[in-house]
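*Asks:* Below you will find the structure I want to go over with you.
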Amino acid sequence: MLVTRQKLLRRFWYPVMPMSMLQDGPKPFTLLGEKIVLFLGADARPVALSDRCCHRTAQLSKGYCEGGNIVCGYHGWTYDATGKCVRIPQNTEAAIPANARVPSFHCDVRYGYAWVALEDPVQPIFELAEANDPGYRQIDQFYEVWNCAGLRLMENSFDMAHLSFVHKGTFGPKSHVPRKMTIEGTDIGLESYVETPVANPAIARNVVGSDEEETIRVMRGTWFMPFSRRLAISYPSGLKHTIITNATPIDDHSSMVVQWCYRSDTEADVPAAEIIAFDRAVTNEDKFILESTDADACIDTTRRVEFHMDSDKPGLIMRERLLSLLRQHGEEEVHG
Ligand code: FES
Ligand SMILES: [Fe+2]
């Protein structure tokens, strides 16, 4: 599935940028091939407009913010949060033409990020219990482009078969199959439960709260279709570490990986930098292999040579859920 060919994917919320990046002016982002500009509106809430001035097509993201509006850097045409042109500096006599406007998109703020839906969203932004629980702290981890398709990254998130290979440099278990695993499709995606022994190298020991050579991970995974995943990990030490990974689709071949985590400990227990360093090492292992995969993640397994085994249950469920979601909205997979 090439993501820009599926119209339905324009109707989901995606985290596109940390709010901190908007403090010093407008910023560009490409979402599903659509070039948008993000900026802070009058109430300091994020706004998303098409990144193309309707005067002579300059990128609005090269302009600046003024009183909650965005000013084009070319001739100063000014747009409000709805995309309506409210000022043409050189046009002192005539009224502003009614069609002088740029398209606007749904935009909201949640978990410290600006979220965008290009068309009317089919469901709200997912809720995260940890975000309102004073027993957890949030650590912002990664905001970076991966040259890989979002569905590949999501499939990998639930694929336990890769741990002993891809992660042999960090936490990879000796066994190729987890001690226990259950998985089932849900209305919003899927839920998984996994118990597995994992290696516990020096870089991980403070982070997981154990000095043993091995420890046990209990992982509860949730896939929020189409490109978000919550992975709640708990360790025998009682420590809880929940990772939120989003593969926000830039285009058919690349994704913005937006990842933060929640921890049940404090900065005094384990510094955020140490947690980020361990997750960085793990994430780099995934990135290395995922960037070698074909972007056209194969949903219809009859159309291409790509094998899906019984042991690839997460991938099979994801395919079934996605096809069902498309059908529910009157769409079919558009083949690449
Ligand atoms: S191109 Fe934007 S004001 Fe002229
Ligand atoms: Fe992995």
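The values are calculated or read from the model by the stated rules, or taken from the named source; none is laboratory data. As the structure is a computational prediction, the values presented were derived from the model and not from experiment. Heads up, the Cβs are rebuilt from the backbone with ideal geometry, glycines too, and the neighbour counts pull from every protein chain shown.
*Asks:* Only one of these is crowded, with 21+ Cβ neighbours inside 10 Å, touching a strand residue (DSSP E or B) at 6+ places or on another chain (Cβ under 9 Å) and farther than 23 Å from T293 by Cβ: V270, V207, V218. Name it. Spell out the reasoning first.
*Replies:* On the way: V270 fails: crowded, with 21+ Cβ neighbours inside 10 Å; V218 fails: crowded, with 21+ Cβ neighbours inside 10 Å.
Being crowded, with 21+ Cβ neighbours inside 10 Å, touching a strand residue (DSSP E or B) at 6+ places or on another chain (Cβ under 9 Å) and farther than 23 Å from T293 by Cβ holds for just one of V270, V207, V218, which is V207.
*Asks:* So if I check each of D286, D252, D300, D296, which one is in a helix (DSSP H, G or I) and either away from ligand 1 (no atom under 16 Å from the Cβ) or among the small types (G, A, S) (or both)?
*Replies:* Unique residue meeting the criteria: D286.
*Asks:* Any chance you could count how many residues in the range 226-239 are of a type in the set (A, V, I, L, M, F, W, C) and crowded, with 21+ Cβ neighbours inside 10 Å?
*Replies:* Selection size over the range 226-239: 1.
*Asks:* Could you check the range 84-97 and list, in sequence order, the residues that are within 13 Å of ligand 1 (Cβ to nearest atom) and either under 21 Å from R45 (Cα atoms) or hydroxyl-bearing (S, T, Y) (or both)?
*Replies:* Matches in the range 84-97: C85, V86.
*Asks:* Turning to a different aspect of this structure: Looking at (1) farther than 23 Å from D265 by Cβ; (2) in contact (Cβ under 8 Å) with a residue 12 or more places away in the chain, find the lone condition where F142 falls short.
*Replies:* (1)
*Asks:* Looking at the range 124-152, which of the residues that are at pLDDT below 95 and of a type outside the set (G, A, S) is nearest to ligand 2 (Cβ to nearest atom)?
*Replies:* R152
*Asks:* In this structure, is C298 of a type in the set (A, V, I, L, M, F, W, C) and either modelled with pLDDT under 95 or farther than 22 Å from F171 by Cα (or both)? Talk me through it step by step, then tell me what you get.
*Replies:* On the way: of a type in the set (A, V, I, L, M, F, W, C): yes; either modelled with pLDDT under 95 or farther than 22 Å from F171 by Cα (or both): yes.
Here the answer is yes, as C298 does meet what is asked.
*Asks:* Given the condition part of a strand (DSSP E or B), within 13 Å of ligand 2 (Cβ to nearest atom) and either exposed (fewer than 14 other Cβ atoms within 10 Å of the Cβ) or at pLDDT 95 or above (or both), answer yes or no: does some residue in the range 165-186 qualify?
*Replies:* Scanning the range 165-186, I find no residue that is part of a strand (DSSP E or B), within 13 Å of ligand 2 (Cβ to nearest atom) and either exposed (fewer than 14 other Cβ atoms within 10 Å of the Cβ) or at pLDDT 95 or above (or both), so the answer is no.
*Asks:* In the range 187-217, what residues are over 15 Å from L163 (Cα atoms) and of a type in the set (D, E, K, R)?
*Replies:* Listed by number, the residues that qualify are D187, E191, R205, D211, E212, E213.
*Asks:* Please go through the range 307-323 and give me each residue that is exposed (fewer than 13 other Cβ atoms within 10 Å of the Cβ) and either of a type in the set (D, E, K, R) or within 16 Å of D187 (Cβ to Cβ) (or both), ordered by number.
*Replies:* D310
*Asks:* Which one of V71, V47 is without any contact (Cβ under 8 Å) to a residue 40 or more places away in the chain, away from ligand 2 (no atom under 16 Å from the Cβ) and among the β-branched types (V, I, T)?
*Replies:* V71
*Asks:* Answer yes or no: is there a residue in the range 271-289 that is charged (D, E, K, R), within 16 Å of ligand 2 (Cβ to nearest atom), at pLDDT below 95 and within 17 Å of S157 (Cα to Cα). Break it down into steps so the answer makes sense when it comes.
*Replies:* Kept after step one, since they are charged (D, E, K, R), are these residues of the range 271-289: 274, 279-280, 285-287.
Retained after the next criterion (residues that are within 16 Å of ligand 2 (Cβ to nearest atom)): 279-280, 285-287.
Right, trim to at pLDDT below 95 and you get none.
Checking the range 271-289: not a single residue is charged (D, E, K, R), within 16 Å of ligand 2 (Cβ to nearest atom), at pLDDT below 95 and within 17 Å of S157 (Cα to Cα).
*Asks:* Would you check which residues across the range 204-249 are of a type in the set (D, E, K, R) and assigned to a loop (DSSP other than H, G, I, E, B) and list them?
*Replies:* Listed by number, the residues that qualify are D211, E212, E213.
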